[in-house]
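Colleague: Shown below is the structure under consideration.
The values are calculated or read from the model by the stated rules, or taken from the named source; none is laboratory data. Computed from a predicted structure; not experimentally measured. When we count neighbours, we look across all protein chains shown, and the Cβ atoms used for this are built from the backbone with ideal geometry, even at glycine.
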Amino acid sequence: MADGTFAILMLVAGLTDMGINHCGTSQGCLGRSDVTPRIAFSGGQVLERRAETGSEVYLRYDLGRRTGPFGHAVGLSVGSRGETWVGIGQTYTMDFGSSPFFAELHAMTGVYDAGDGLDLGGAIAFRSGAEVGWENKRGWRFGLSFDHRSNAGIYDHNPGVETVQLRVSVPTR
C-alpha cells in the first residue's frame, strides 16, 4: 500500500456510497451538506524505506461541508529534517452504525519542500492515507493513521515516503 492505493480505495468507496446513498436524494449525487468542521493534530514517525526515519507533525482542518460523500480538507506537515508539505483534498469517512468507531480515507494534492530530508522528485506531492479510530461522546476523535506521499510518477524520480501517526481531531463548533 505504499503508492496511490489509498486514493483509489477512497474513490471506489466514495463513488459506491454516492450511488447507494446520495444519487437518489433530492440534492443529487454531489449535493452539498454540512458536517462538523474539525481540526486535527497528529504526530508520528517517518518509516524507513527510502527515507531515514524521523518525526513529523501534521495539522489538518476538515472544512464544515461535504460534496456527496466527500469531505474537504487542508493540511500542513513538517518533518524533523525540515520537510514541509501543504495541500488540499478530499476525505471519505466510514461510520459503523451507532458504534463509536470510524475509518477514514483521504487523498490530497500539495506542494512539498524537501528541506534536508528526502527529495520526492519535485515540488508537487500527493498525500493519501487511511485512519482508524474511536470518537468519544464529545465528538473528539482519536486515531491511528498511515500516510503515503509521492509525486505519483509525474517526475522521473518518485521515491515516496510513509508515516505512521497518532491523531487527535477536535470539533470546532
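Colleague: Please go through region 1-31 and pick out each residue that is closer than 17 Å to residue 162 by Cβ, in contact with a Gly (Cβ under 7 Å, 6 or more places away or on another chain) and surrounded by 16 or more Cβ atoms within 10 Å (Cβ to Cβ).
Modeller: Scanning region 1-31 gives a single hit, 6.
Colleague: Suppose we keep only residues that are over 20 Å from residue 86 (Cβ atoms) and modelled with pLDDT under 90 within region 32-65. Which one would you say is surrounded by the most Cβ atoms within 10 Å (Cβ to Cβ)?
Modeller: The residue in question is 47.
Colleague: Identify all residues within region 139-173 that are among the polar types (S, T, N, Q) and either under 15 Å from the mean Cα position of the chain (by Cα) or farther than 28 Å from residue 99 by Cα (or both); write none if there are none. Give the derivation first.
Modeller: First pass over region 139-173, keeping only residues among the polar types (S, T, N, Q): 145, 150-151, 158, 163, 165, 169, 172.
Result: 145, 150, 151, 158, 163, 165, 169.
Colleague: Given the options 41, 101, name the one that is more than 19 Å from residue 160 (Cβ to Cβ), under 16 Å from the mean Cα position of the chain (by Cα) and among the aromatic types (Phe, Trp, Tyr).
Modeller: Answer to the selection: 41.
Colleague: Taking residue 53 as the residue in question, decide whether it is within 13 Å of the chain's Cα centre (by Cα) and β-branched (Val, Ile, Thr). Spell out the reasoning first.
Modeller: On the way: within 13 Å of the chain's Cα centre (by Cα): no; β-branched (Val, Ile, Thr): yes.
Spelling it out, it is not the case that residue 53 is within 13 Å of the chain's Cα centre (by Cα) and β-branched (Val, Ile, Thr).
Colleague: To continue, here is another question. Name the residues in region 132-173 that are under 14 Å from residue 38 (Cα atoms) and small (Gly, Ala, Ser), would you?
Modeller: 139, 143, 169 - these are the residues of region 132-173 that are under 14 Å from residue 38 (Cα atoms) and small (Gly, Ala, Ser).
Colleague: Right, another one. I'm checking my understanding of the structure. Among residues of region 75-94 that are surrounded by fewer than 15 Cβ atoms within 10 Å (Cβ to Cβ) and within 16 Å of the chain's Cα centre (by Cα), which one is nearest to residue 41 (Cα to Cα)?
Modeller: 76
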